[in-house]
Amino acid sequence: MRNRAAYGLEYHASSYGILPGKSVLTDGGKIPYTPAALKKRNDNFEKRAELDPFNKCFMPGVPRIMYIEHPFQIFQTPNHVAMTFEWSQVYRLFYTDGSKHQDGIEFWMGDNRARWEGDTLVNEATNFNDQTWLDAAGNFHSEQLKVTERYTMVDPDTIQYEVQFEDPKVFTRPWSITMPFFRHKDMDRLLEFQCQAEKEEANGEFERDEKTWYPKPKP
Amino acid sequence: MRSFTLSLTALLVSATMAAAQAPPPAPAQDGRAGGGPGAQGGRTGGAGAQGGRGGGRGGAPRAPAGPVKRMPDGKPDLTGHFSSDAGGANYGLEAHPSQFATPPSRGIVVDPPDGRLPYQEWARAEFMKRWTPERGYDDPTAHCFVAGFSRSLWTPSPFQILQPPGYVVILMERMSWRVIPIDATRKHLPDDVRLWQGDSIGHWEGDTLVVETANNNGKTWMNESGDVISYAATAVERFTPVDADTIDYKVTITDPVVMTRPYTLGFEMRRQQGEILEVACHEDNQDLEHLKHVKEEARKNGTLK
């Protein structure tokens, strides 16, 4: 990822904690919120430091996990496509075996059923809760969110990623974003970023065990 | 992988379920797939009720499974949704009755043959200190951190094994993963790069997947009772398919900071019906404040070990 979608999907100037960026909406425009939802989005933005679930190390949800600037690795088997993420060892598992969505179970990361349309992998993610945001600018969704992702290799090292959002409680019509994913050619494995563990080590909630932890470098 | 389209020509490999296993668990009552660490009594439960996953001690007798399945390249097919029949290892690696408010364990120590871990004296004492209610807060899984190496495989929550070309990937329902490259040319990470899951490299020895792991950070406990592992631990795991639904698992751990000699743990992994779900532990952690309170009270009273 080399864009600023993590900070805001719409065209936006810089502000505290938010780096500036260009719109990643396919039409370059604004998210078609209902009036009530737009008010809530603006309120989320004002209180983002306190309200953003990502700041609590909660799972980022979909598609935010795809553009938070933590790398991921993609694996393919006949019946699955899996993605493992550096961020807190979250993963996504797409079923490509023709199976149906789970009934009546909510997921932070959605329930993912994918298929091939020519050379494009099309994934439908549903069964979301209403707890995740789409970016750090307070853009949000309800539990009625349906995400349709399209992954297309445009050259050996680039995936064009397109996402359509449908959520009748929050948006007046479907809308979409698009961005490229670039292959990391200089990495042969993911490392770990453990959001909550590192936070609690820093604030003293999770105490170092001198006997078992890897020794600190000697001064 | 060069292109998504590669898999279109691959053979379909289906995961056959054992006929007589327990049914998949009911979702949590509130309809969420998750469930915090306190939802199932233990701190590291899966999305379903504990014991509801089948394959556990005292479970229904299992129908005989077919022969080991093969990948197109002839290697055993380890793929599918599995759960470890680890007999309460999450509450103690050695056999023990229910005590200190933890469930019993049948023990998974296969070497030394007497089932007792070859603890150094200090480490045995440390384990007994940890195995107290007031130290429950110090178990990393009480904070919903990843269970780490190799505990992730015997927390009572299932996992999905994938075998994409060149890798074995294990996705844990309790939201963590291990990516194991099958690559003899791969070297471990620099010594000062330490991870919760360690750094794993695999190779095949006949029908056994052998995985060598180093670069552990020593932050995890081996279970809720507090069996001790350190940053010095290196390990060799052996995944050997027994039949189409069973993998024999052995891990030999060398940990010169904690133990007097290497030791080996072993148990079977059994194929499960249905799909793995998603445990949202940290997002729904209702236990930690209570455990913190218990620890703080003990510290105040001078009884904290």
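What follows draws every value from the coordinates through simple rules; no lab data is involved. Here the structure is a predicted model, which means the values were calculated and not measured. FYI the Cβ positions are ideal-geometry reconstructions off the backbone, even for glycines, and counts take in every protein chain you see.
The figures follow:
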| item | result |
| --- | --- |
| Against the rule of thumb 2.2 N^0.38 Å, how large the Cα Rg of segment B:69-301 comes out | 1.02 |
| Evaluated over segment A:130-219, the Cα radius of gyration and Dmax, each in Å | 20.4, 60 |
| Within segment A:35-200: Cβ-based charge dipole about Cα centre, in debye rounded to nearest 20 (Lys, Arg +1; Asp, Glu -1) | 360 |
| Segment A:35-200, relative contact order [Cα under 8 Å, separation at least 6], % | 20 |
| Gyration tensor verdict on chain A (Cα atoms; rounded if a/c is under 1.5, prolate if a/b is larger than b/c, oblate otherwise) | oblate |
| For B:273-281, mean number of other protein chain Cβ atoms within 10 Å | 4 |
| Dipole-positive endmost among A:Asn42, A:Ile68, A:Phe54 within segment A:18-86 (Cβ charges, Cα centre) | A:Asn42 |
| Neighbouring partner chain Cβ atoms per residue of A:84-94, average, 10 Å criterion | 5 |
| Sites A:Lys22 and A:Lys199 - FRET efficiency at Förster radius 45 Å, r taken between beta-carbons, to 0.05 | 0.90 |
| Cα centroid separation - segment B:166-199 against segment A:150-180, whole Å | 30 |
| Test item: A:205-217 mean partner chain Cβ contacts at 10 Å | 6 |
| Lysines whose Cα lies under 16 Å from that of A:Lys216, excluding same-chain neighbours fewer than 8 positions away | B:Lys219 |
| Ascending count of other beta-carbon atoms within 10 Å, so fewest first, for B:His203, B:His96 | B:His203, B:His96 |
| Separation between Cα centres of segment B:89-157 and segment B:63-80, rounded to whole Å | 32 |
| Long-range amide H partners of A:Phe140 with built H, under 5 Å | A:Leu134 |
| Exposure proxy order (Cβ contacts within 10 Å, fewest to most) of B:Val193, B:Val210 | B:Val193, B:Val210 |
| Scaled radius of gyration (Cα, divided by 2.2 N^0.38 Å) that the protein assembly as shown gives | 0.97 |
| Karplus-derived HN-Hα couplings along segment A:25-32 (A = 6.51, B = -1.76, C = 1.60, θ = phi - 60°), whole Hz, x at Gly and Pro | 5, 4, 9, x, x, 9, 6, x |
| Rounded Å value of the spacing that divides the Cα centres of segment A:81-111 and segment B:255-285 | 21 |
| Exposure proxy ranking, count of Cβ atoms within 10 Å, fewest first, for A:Lys216, B:Lys295 | A:Lys216, B:Lys295 |
| Farthest toward positive dipole pole in segment B:69-301 [+1 Lys/Arg, -1 Asp/Glu at C-beta], among B:Pro158, B:Ala280, B:Thr132 | B:Thr132 |
| Sequence-distant lysines (8 or more away, or on other chains) whose Cα lies within less than 26 Å of A:Lys30 | A:Lys22, A:Lys39, A:Lys40, A:Lys47, A:Lys146, A:Lys169 |
| Residues with amide H under 5 Å from that of B:Val168, placed H, sequence gap 5 or more | B:Ile180, B:Ile182 |
